[in-house]
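To start, the structure itself, in structure tokens.
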Amino acid sequence: MKGQYVDGHERSDVVAYCQQVFLPAWTHLQSRMQKWEVGRDNNSVVEDMNTTAPLSGGERHIVVWFHDESTFYANDQRKLQWVHQNESAEPQPKGEGASLMVADFVSADYGWLQSPDRKKHAHVLFKAGKARDGYFTNDDIVAQTRRAMDILSRHYPNEDHVFIFNNAKTHLKRANDSLSARKMPKFPSKSWGVTVIAKDSTRKQIHNANGNTVKEKI
């Protein structure tokens, strides 16, 4: 075993955020969300029955879009199966094989995020790996979200849309000029540092007499 997995759901800061931030925000939005549940109509089961209360004047429906990624592997098949007694065992490839990650947005109202004619979509197919597409980063998340927003603003402009992401590390972003412990050398020299654009006390960039930005090492 190379490491230990900890989901962190019971951590005090995670519990506090869920109870004091996420749940109150969800409760506030819920009155404007369409509610879907399994019900009965004339003694027959009706799936996804809409039980939404009417909105008051000026209010618009809120559509919640959940973002998630799933990774599939070439050799991700069942290891146990029924076979005929006369069949012999077939060699199986070692390792999981090449992977394909699928990232998309989904809602209870519309399903996958796409235009009504299905010609525009927000899903991403990504082949992770050094010799492939690299690794899914925050920049990829931002680009995908922008594409999703373009689709919604063009085809679903009469509703308010909310995006929900989980706390995966690829969804986090630090300032471009901030320090990264992962990239720090173990034994830095006295001249080691990070060159950034100098800013004044109001966080505005400093320029020299020629109009160029001033850089400094921190």
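The portion of the accessible surface of the chain made up by carbon and sulfur, rounded to a whole percent, is 52 (1.4 Å probe; DNA, RNA and ligands excluded). The stretch between HIS9 and ARG154 holds 48.4 nm of extra length on full extension. This uses 0.36 nm per residue minus the Cα-Cα distance.
Inter-label distance, ALA74 to SER88: 2.5 nm, where each label sits 7 Å from its Cα along the C-beta direction.
Largest accessible area first, the listed residues HIS84, HIS61 line up as HIS84, HIS61 when surface is computed with a 1.4 Å probe on the assembled protein chains. Per-residue extension of 0.36 nm, minus the Cα-Cα distance of TYR110 and LYS204, leaves a gain of 29.5 nm for this segment. The Cα atoms of the chain give a gyration tensor whose axes a ≥ b ≥ c have a/c of 1.5 or more with a/b no greater than b/c, which makes the shape oblate. Working from label points 7 Å from Cα in the Cα-to-Cβ sense, the CYS18 to GLU59 distance is 2.8 nm. Using a 10 angstrom Cβ neighbour count of at most 10 plus a DSSP loop assignment to flag exposed chymotrypsin sites (Phe, Trp or Tyr not before Pro), which longest range of the chain is free of such sites? Excluding the exposed sites themselves, the longest stretch runs over 83-191. Take the Cα of LYS217, step 7 Å toward its Cβ, do the same at ASN138, and the gap between the two points is 2.6 nm. Here is how the number arises for the chain: DSSP H runs of 4 or more residues each give -39500 (n - 2.57), the sum is divided by the residue count, and the result at 222 nm is -4500 deg cm²/dmol.
Mean-square fluctuations from a GNM of the chain, with a 10 angstrom spring cutoff on Cα atoms, peak among ARG78, ARG118, ARG147 at ARG78.
On full extension of the chain, what length is gained from MET184 through VAL196, given 0.36 nm per residue of separation minus the C-alpha to C-alpha distance?
2.8 nm
Scanning the chain for GluC sites (Glu not before Pro) in DSSP loops with at most 13 neighbouring Cβ atoms within 10 Å leaves 97-218 as the longest stretch between them.
Using 24 Å as the Cα-Cα cut-off, could you pick out the over-long pairs in LYS169/LYS199; LYS35/LYS120; LYS130/LYS169; LYS127/LYS169; LYS120/LYS173; LYS173/LYS199?
Values: LYS169/LYS199 28 Å; LYS35/LYS120 26 Å; LYS130/LYS169 19 Å; LYS127/LYS169 18 Å; LYS120/LYS173 27 Å; LYS173/LYS199 21 Å.
Checking Cα-Cα distances, LYS169/LYS199; LYS35/LYS120; LYS120/LYS173 exceed 24 Å.
The values are calculated or read from the model by the stated rules, or taken from the named source; none is laboratory data. If you're wondering where the values come from, they're calculated on a predicted model, not measured in any experiment. Note that we place each Cβ from the backbone using ideal geometry, even for glycine, and neighbour counts take in every protein chain shown. Remember, those area values only see protein heavy atoms, side chains included, never the ligands or the DNA or RNA. Shrake-Rupley method; radii C 1.70, N 1.55, O 1.52, S 1.80 Å.
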